[in-house]
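Let me begin by presenting the structure, written as structure tokens, before commenting on it.
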Amino acid sequence: MYHLGGHRIIDEFFELVSIDAISRNEREIADSVKVKLAELGCRVEEDDAATHIGGNTGNIYAVLDGTIEGSILLSAHLDRVANGYGIKPRIDGSRIVSDRTTILAADDISGVVAILDGVRRIKESGKPHPRIEIVFTVCEENGVLGSKYLDYSKIKSKFGYVLDSPGRIGRIIKAAPSKAQLKFEVFGKASHAGNAPENGINAIIAAAKILAEIKDGRIDEDSTANYAIFRAGGETTNIVCDYALVLGEVRSLIHDKLEKYCEYFNEHCKKAVEGTGARVKTDVVLYYKSFNVEEDGKAISLMKRVFEKMGIDMVIERGGGGMDANHFNANGIECVGLATGYGDNHTFNEYIEIEDLIRSGEMVEQIITHAEEAKKY
């Protein structure tokens, strides 16, 4: 196993990315992490999220009792996207990369090992620390589903951090959008295309009318919409197609804007098929709600202190994708995303900066060390 100047976080990163794990199949990596948490002295339990999402693993919730008052939440996700089997990490200059036939899974194993390393640092230092709550979620990469079914009544922390953002260490994601899945089905009427096309109602043509003028792409400065899946029931050209399905999504940093777009979507679909004889059925499923954490709140104010101590420039930005922080904030826990140094995630070019990975463990140690100071803000 690779060992870089005594930095065990690198060894642990290599170990965990080498364990196969995708959304809904996190069993092996969860079992490994549960052992590590227990060795740190944490009380560890696994919830029943698997039964809700059709997976084989629940969210991992661990608690290390504090020696002083207060409580801090730290979170990362265990799963990765599907092209993450058989990962072979290697050093390439100042970065860790894969062999370019898979992703690297720095998203989000870097967050997992940063939390483990930071807690080890605190334990070994003997420093007083508040209650530390750790949540390792499942199925984040597929709709941020695991944390949706977390039992939030167990969590005592009022604020915390999700270590799950691309970019150099120092980057904070203060806001992330709401997201909803959009689906419409068009029901037409089958008929022989050569003998009696006038007796048929072509669902594909009706669906095309809906898509031809629907608002998509960049809707405004806060919102986007995209239609990416089109399926039709036809199997031969001599039958007028009687069924079509389209799937899309809408995101917005302002939840009210997302709701207004969903209303528009329903109305547009129905209006567009008027006069075609086809019938349309729409469906909207909300995945998660947006959040926008105030910069003078506890979470960001504490990070200013942490990054000052570490000599790292802080960058505060809004994100374009959802994360577990969406569900934490929706359940009353002030939470932001923190970068750990990875980039090009979800691609074979994914990498993580070695320096950032090492310092991410230090960052977690500093968060825990200074968590009590958050009461001042």
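Okay, here's what the table says:
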read-out: Residue among PRO197, VAL17, ALA38 farthest towards the positive dipole end of the chain, charges placed on Cβ; value: PRO197
read-out: Acute angle (nearest 10 degrees) that the helix 106-125 long axis makes with the longest principal axis of the chain, alpha-carbon atoms; value: 20
read-out: Heavy atoms of MET303 accessible to a 1.4 Å probe, total area in Å² rounded to 10; value: 0
read-out: Test item: Cα-centred dipole of the stretch 192-308, Lys/Arg +1 and Asp/Glu -1 on Cβ, debye; value: 180
read-out: Computed over the stretch 219-294: relative contact order in percent, which uses C-alpha pairs under 8 Å that are six or more apart; value: 26
read-out: Average silhouette area of the stretch 249-319, convex hull of alpha-carbon atoms, in square nanometres; value: 6.5
read-out: Zero-based 10 Å bins, Cα pair distances in the stretch 299-349, whole percents; value: 19, 44, 31, 5
read-out: Average accessible surface area per residue within the chain, 1.4 Å rolling probe, Å²; value: 43
read-out: Viscosity 1.306 mPa s, 10 °C: Kirkwood-radius Stokes-Einstein D of the stretch 197-239 over Cα pairs, µm²/s; value: 124
read-out: Tilt relative to the chain, helix 354-370 - C-alpha long axis, 0 to 90 degrees, to 10; value: 70
read-out: As computed over the stretch 8-72, the Cα convex hull volume per residue (Å³); value: 109
read-out: Spin-label proximity, VAL315 to the stretch 333-360 - amide N less than 20 Å from point 7 Å beyond Cα toward beta carbon; value: 336-347, 349-360
read-out: 222 nm mean residue ellipticity, helices alone, for the chain (DSSP H n ≥ 4; -39,500 (n - 2.57); rounded to 500); value: -9500 deg cm²/dmol
read-out: About the Cα centre, charge dipole magnitude for the chain (Lys/Arg +1, Asp/Glu -1 at Cβ), debye; value: 400
read-out: Taking only Cα atoms of the stretch 143-209, radius of gyration then Dmax in Å; value: 24.4, 70
read-out: Dipole axis of the stretch 12-135 (+1 Lys, Arg; -1 Asp, Glu on Cβ), positive-most option in GLY84, ILE72, LEU104; value: LEU104
read-out: Scattering curve values for the chain, log₁₀ I(q)/I(0), Debye with Cα scatterers, q = 0.06, 0.10, 0.14 Å⁻¹; value: -0.28, -0.68, -1.13
read-out: Given charges at beta-carbon only (K, R positive; D, E negative), |dipole| of the stretch 1-85 in Debye; value: 180
read-out: Percent carbon-and-sulfur accessible area, the chain, ignoring ligands, DNA and RNA, probe 1.4 Å; value: 46
read-out: The stretch 272-370 - Kirkwood radius from inverse mean 1/r over Cα pairs (Å); value: 16.8
read-out: Percent of alpha-carbon pairs separated by more than 18 Å within the stretch 76-227; value: 76
read-out: Projected label distance in nm at ILE68 and ARG100, using a 7 Å step from Cα toward the beta-carbon; value: 4.9
read-out: Order of exposure, largest accessible area first, which applies to ASP108, ASP296 with probe 1.4 Å; value: ASP296, ASP108
read-out: Angle in degrees between helix 298-310 and the longest Cα principal axis of the chain, rounded to the nearest 10; value: 50
read-out: Computed over the stretch 209-256: relative contact order in percent, which uses C-alpha pairs under 8 Å that are six or more apart; value: 35
read-out: ASP220, ASP92, ASP117, reordered so the largest accessible area comes first (probe 1.4 Å); value: ASP92, ASP220, ASP117
read-out: Where GLU235, GLU308, GLU317 fall by accessible area, highest first, once all protein chains stay in place (1.4 Å); value: GLU235, GLU308, GLU317
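The values are calculated or read from the model by the stated rules, or taken from the named source; none is laboratory data. Values in this document were obtained by computation on a predicted structure and should not be read as measured data. Backbone-built Cβ (ideal geometry, glycine too); neighbour counts: all protein chains shown. With ligands, DNA and RNA removed, areas are computed over all heavy atoms of the protein, side chains included. Shrake-Rupley method; radii C 1.70, N 1.55, O 1.52, S 1.80 Å.
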